[in-house]
Structures are given as structure tokens and as C-alpha cells.
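The values are calculated or read from the model by the stated rules, or taken from the named source; none is laboratory data. Worth saying up front: this structure is predicted, and the values here are computed from it rather than measured. Neighbour counts are summed over all protein chains in view; Cβ atoms, including those assigned to glycine, are modelled from backbone coordinates with ideal geometry.
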Amino acid sequence: MSAHCKEVQPLFPAPPSPVAFESLCMELSRTGQVHLKRIASAIDQVAPSPGRLVYLHTTKLAMRLGGLQPVIFSAIDATTHLQVAQANLTMTSAAALSFVDFVADSFPFSISEIKTREKRPFHNPNDHRPHRDFPTLVGERGYVHSFVESHPSDALFSITSKMIFRDLSVGPAFSASAYELQRALAQFLFFHNNSRFVPWLEGKTPIQKLRTFARFEGMHSFSPRDGFEGRHSYQWRRT
């Protein structure tokens, strides 16, 4: 080649050799396993038994029911990842407390602590009626209330927030019947609790994880039913 000619560089880099690609896959796999073990270790520390810690999430749906925007209350047990959820048309302390009562009746174990994103997560500043804060109401039920802090253990709150019911659709103008929403929510919960394999639970489903505890060895499925489910006219909670 002439000294005045530059070597032409290929447009695309050469693919890695099979040995290099296999090494990369093994390294990624090891990294993933390390992260999964860290999550599992955090669960063992903050929630060694079912009901020790329950995360309470809320999410507004991109849909309308009678001109109102539904909100989903979701409760996830940190130990087993069993989940209970309920649709509502308001996000107030009273509505949240009603959901907590529903969760306590639905889970097959007692609850010790409930964690939310903020100290006053359900206070509506536009509602000028007398109100009581959520921690006080929860405390009167005998539960400890805590809120998310900037702490590694609270990464579990963020992780579980990705596992909740989101929506029936994509468009803010979408509307559906209460029955459609309730059916979709029930189907999602049944799948999550009984068929969803969770990597940091050693690949178990929430119900399989629950069965690793002696008291629950005989449970084969978990399907909480809302008291309103099955009625022809769904009565929304507006408290």
C-alpha cells in the first residue's frame, strides 16, 4: 500500500469472537445474580415474615368513569409480594383507611407495618372539610405507619411499585365501564399472585413464596375478592 494511502476502516466493528461473547454473557449473568441476591437480602432484613411490612401504592389511571379519574390502591406484602388492590374514585385518608381494612381482611396473615411514600399521602388540600391524617387513623387500627426515606432498604418500595396494576388503555380520553375495570383488576391480581415468577424470590411466584412458611404450606392459590365484585351495578367508594 502506498505511503500516501490511508487504511480504510470498516464501517462496522467486527463481531466478538464466540469465546468473548460467551464471557460477556457469563459476566452479565453474574452481575444479575449479585443484584438479585442483594434484593433478597434486603427482604430478609426488613421483612423476615409475611405481614411484617406492607407497601401501600396509589396510581391514577389514564381513563375516565363518569367523568372522574379512578385511582388504584395497591398493597404488596414485602416478604411474599402477595398483592391486594382496589379501585376508587377518591384519594383521601378515609378511602385509604377503608382499603387498609380490606387488605387486613384479605391477606391470610396479620399486618404489622404499613409504608407509604409520604407522611401525609392521602391529604387533599382542596378539601376544606375537617380531616384526620392517615398515620393517626392507621395507628388507631394497631398498625405502625412509616414512610419512604432515602435508604437502600426502601428500594423495595420502588421495585414493588413496578408490579402494580396500571391501566386498561393508553389515552387519557379512554372510558370503560366499572365492570370492565373490576374484571381487568381481578385478572391482573390472580396472575400476579399465582403465576408471576419473581426473580428475587428465587424465581417463585408470590403464593409459592408464601408456602415456604410453615403456617401456609397448604395454600395453593390466593384470590382476594372485593365485596363489590359480582354486583351488576358497581358501587364506588366516595368517602
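Worth pointing out:
- Filtering the stretch 97-139 to residues that are among the acidic types (Asp, Glu), at pLDDT 85 or above and either in contact with a Phe, Trp or Tyr (Cβ under 7 Å, 6 or more places away or on another chain) or over 17 Å from residue 54 (Cβ atoms) (or both) leaves only 113.
- Residue count, the stretch 206-224 (criterion: under 18 Å from the mean Cα position of the chain (by Cα) and either under 28 Å from residue 69 (Cα atoms) or at pLDDT below 95 (or both)): 3
- Tally, over the stretch 57-78, of residues that are hydroxyl-bearing (Ser, Thr, Tyr) and surrounded by fewer than 23 Cβ atoms within 10 Å (Cβ to Cβ): 2
- Qualifying positions in the stretch 36-92 - over 30 Å from residue 211 (Cα atoms), among the basic types (Lys, Arg) and modelled with pLDDT under 85: 64
- Scanning the stretch 197-224 for residues that are of a type outside the set (A, V, I, L, M), touching a residue at least 24 places away in the same chain (Cβ under 8 Å) and outside any helix (DSSP H, G or I) yields 202, 213, 221, 222, 223, 224.
- Residue 183 being of a type in the set (Lys, Arg), surrounded by fewer than 17 Cβ atoms within 10 Å (Cβ to Cβ), in a helix (DSSP H, G or I) and modelled with pLDDT of 70 or more: yes
- Note on the stretch 202-213: residues that are among the hydrophobic types (A, V, I, L, M, F, W, C) and crowded, with 21+ Cβ neighbours inside 10 Å total 2.
- Taking each residue of the stretch 150-178 that is at pLDDT below 85 and looking for partners that are of a type in the set (D, E, K, R) with beta-carbon atoms closer than 7 Å, six or more apart or interchain, yields 168/180; 175/64.
- Residue list for the stretch 50-97, restricted to those being over 20 Å from residue 200 (Cα atoms), in contact (Cβ under 8 Å) with a residue 60 or more places away in the chain and in a loop (DSSP other than H, G, I, E, B): 61, 62, 63, 70, 89, 90, 92
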